[in-house]
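Undergrad: I am attaching a structure below and will ask some questions about it afterwards.
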Amino acid sequence: MGPVELLHMTVFSQSFSPCGRFLAAGNNYGQVALFSLAAALSPDATAANQKPVLTFKAHEGPVFSLLSNDGVLLSAGNGEVSAWSWTELIKKNVKPLWTKRPDYKSGLEIPEINSMAINRRDNSLAVGAGDNNVHILDLEHGAFKATLQGHTDYVHCVCMREREAELLSGGEDGAVRMWDSRTGQCVHRIELYKYESCARPQYGKWISCLTTDSDWMLCGGGPSLSLWHLRSLSPTSVFPLSGCQRQAIFHQDMILAAGDGAFVSHCLLGGEVKAQIPCTAPSLNTLQLNTRSSEHRMLTVGGGSNRIDIFTNLSYRAFSLSF
């Protein structure tokens, strides 16, 4: 890849291997790169150890979402989902196990897939797509079995509220919809931009990040990032972060958020921004915490750069991997 392509690279997605020893990252060119974390963290590591052990073309369009499940890496791009065996990828054998495409009703344009979430109760995959729908793929039988309709614009993010068997989706239309994953019915709809404490008309109403932790939900985008209690369906904290947040995660008694700006924000549950830790990329798209390996515990951060920042301690960047 030439210097111009590297300059214009954006990292959209990341996923750790089941063993926690490898990181997969997807970019705007349809490529997925595999990094060996053991090699990169070694005391004798050189610049070569911070480069991918494998890079392959997974899709024609950007890889907006990556997910690991049962020894398989799932990648989404160009309106399709592909599955790759982690064991084979680590051996540098690049061949998809399967590729599936939802039954889109739209015309000539292929809707992108922006987000994926696993429902462990019934071994299905929820896919948030650019045709305004959430498509449900039965992973056991390899067929799309349902389409959740209700959003009036692109679906940007999906996540599971496992204890309640609920699927949450956020879209360009400014709505967070909560679906009963057993019946496919929408049980609640929250429109953040209609709440004065969250609304930021200058940024629009779209929802770009969404995550849950049992009774709590974090969401934001055009509206401010906010923490919601899902039993009362009300916002309890609104975080004073500038720009749009593209990913937020719960971590211990804190919230980590990333989006516009070259930093990861550390926020307290009460709404206070505790710290903003500098990163390499000018804006950020993806945060991942490696909880699968105690040996390789880290936070990895990617965005508008060919570099992925590694934080072995959450308060400073240790080094960067690069495509």
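The values are calculated or read from the model by the stated rules, or taken from the named source; none is laboratory data. Everything numeric in this text was worked out from a predicted model, so none of it was measured. Cβ placement follows ideal geometry from the backbone for every residue including glycine, while neighbour counts extend to all protein chains displayed. Calculation scope for accessible area: heavy atoms of the full protein, side chains included, ligands and nucleic acids excluded. Shrake-Rupley method; radii C 1.70, N 1.55, O 1.52, S 1.80 Å.
Undergrad: I'd like the carbon and sulfur percentage of the solvent accessible area for the chain, probe radius 1.4 Å, heavy atoms only, ligands and nucleic acids excluded.
TA: C and S fraction of accessible area: 48 percent.
Undergrad: How many angstrom lie between the C-alpha centres of segment 23-61 and segment 74-120?
TA: Between the Cα centre of segment 23-61 and that of segment 74-120, the gap is 19 Å.
Undergrad: Using +1 at the Cβ of each Lys and Arg and -1 at the Cβ of each Asp and Glu in segment 129-279, identify which of L148, Q276, P240 lies farthest towards the dipole's positive end.
TA: Projecting each Cα onto the dipole axis, the largest value belongs to P240.
Undergrad: Rg and Dmax of segment 115-187 over Cα atoms: what are they, in angstrom?
TA: Reported Rg and Dmax, both Å: 11.0, 33.
Undergrad: While we're on this one: Mark the label point 7 Å from the Cα of T183 along Cα→Cβ and return the residues of segment 155-170 whose backbone N is within less than 17 Å of it.
TA: Within reach of a label on T183, which here means backbone N under 17 Å from a point 7 Å along Cα→Cβ, segment 155-170 contributes 164-168.
Undergrad: Based on the alpha-carbon gyration tensor of segment 1-86 and its eigenvalue square roots a ≥ b ≥ c, which shape applies: rounded if a/c is under 1.5, prolate if not and a/b is larger than b/c, or oblate? Numbers along the way, then the final one.
TA: Details: a/c = 2.63, a/b = 1.16, b/c = 2.26.
Taking the square roots of the gyration eigenvalues as a ≥ b ≥ c, segment 1-86 is oblate.
Undergrad: Still on this structure, please answer the following. Treating only the Cα positions of segment 191-323 as identical point scatterers, give the base-10 log of I(q)/I(0) from the Debye formula at each q in 0.09, 0.11, 0.19 Å⁻¹.
TA: -0.25, -0.38, -1.05
Undergrad: Heavy atoms only, 1.4 Å probe, whole protein assembly: order R163, R317 by accessible area, highest first. Before the final figure, lay out the partial values.
TA: On the way: R163 140, R317 105 Å².
Heavy-atom accessible area, descending, gives R163, R317.
Undergrad: Next question, about the same structure. Can you work out the Karplus-derived ³J(HN,Hα) for every residue in segment 230-246? Use 6.51 cos²θ - 1.76 cosθ + 1.60 with θ = phi - 60°, whole Hz, and x for glycine or proline.
TA: Using θ = phi - 60°, the values come out as 7, 6, 9, 6, 9, x, 9, 9, 10, 8, x, 9, 7, x, 9, 8, 9 Hz.
Undergrad: Please give the Cα centre distance for segment 260-323 versus segment 159-213, rounded to the nearest Å.
TA: 25 Å
Undergrad: Summing Lys, Arg as +1 and Asp, Glu as -1, what charge do residues with Cβ under 12 Å from the Cβ of A175 carry, A175 excluded?
TA: Result for the local shell: 0.
Undergrad: Using amide H atoms built in the peptide plane, which far-off residues or other-chain residues are under 5 Å from Q247 H to H?
TA: Correct list: A258.
Undergrad: If you place +1 on the Cβ of every Lys and Arg, -1 on the Cβ of every Asp and Glu, and leave all else neutral, what size is the dipole of segment 104-258 about its Cα centre, to the nearest 20 Debye?
TA: It comes to approximately 180 debye.
Undergrad: What is the Cα radius of gyration of segment 281-323 over 2.2 N^0.38 Å, N being its residue count?
TA: Details: Rg = 10.2 Å, N = 43, 2.2 N^0.38 = 9.2 Å.
After normalising by residue count via 2.2 N^0.38 Å, the value is 1.11.
Undergrad: Would you mind checking which residues have amide H under 5 Å from R200's amide H? H placed 1.01 Å from N; only 5 or more apart, or other chain.
TA: So R200 has HN proximity to S224.
Undergrad: Still on this structure, please answer the following. Over the chain, average the accessible area per residue using a 1.4 Å probe and give it in Å², no decimals.
TA: For the chain, the solvent-accessible area averages 43 Å² per residue.
Undergrad: For the chain, what D do you get in µm² per second when you plug the Kirkwood radius from alpha-carbon pairs into Stokes-Einstein at 37 °C and 0.692 mPa s? Working shown, then result.
TA: Details: Rh = 19.8 Å.
Once the numbers are plugged in, D ends up at 166 µm²/s.
Undergrad: Please express the Cα-Cα pair-distance distribution P(r) of segment 24-159 as a list of whole percents, one per 5 Å bin, running from 0 to the bin with the greatest distance.
TA: Percent of Cα pairs in each bin: 2, 10, 19, 21, 18, 13, 8, 5, 3, 1, 0.
Undergrad: Which percent of the Cα-Cα distances in segment 35-78 go past 16 Å?
TA: The proportion of pairs with Cα distances above 16 Å equals 56 percent.
Undergrad: How large, in Å, is segment 132-266 by the Kirkwood hydrodynamic radius built from its alpha-carbon pairs?
TA: Working: mean 1/r = 0.0661 Å⁻¹.
Result for segment 132-266 stands at 15.1 Å.
Undergrad: Taking amide H positions as placed 1.01 Å from N in the peptide plane, with prolines and chain starts having none, which residues 5 or more places from F22, or on another chain, fall under 5 Å of its amide H?
TA: The list, which skips near neighbours in sequence, is S17, L37.
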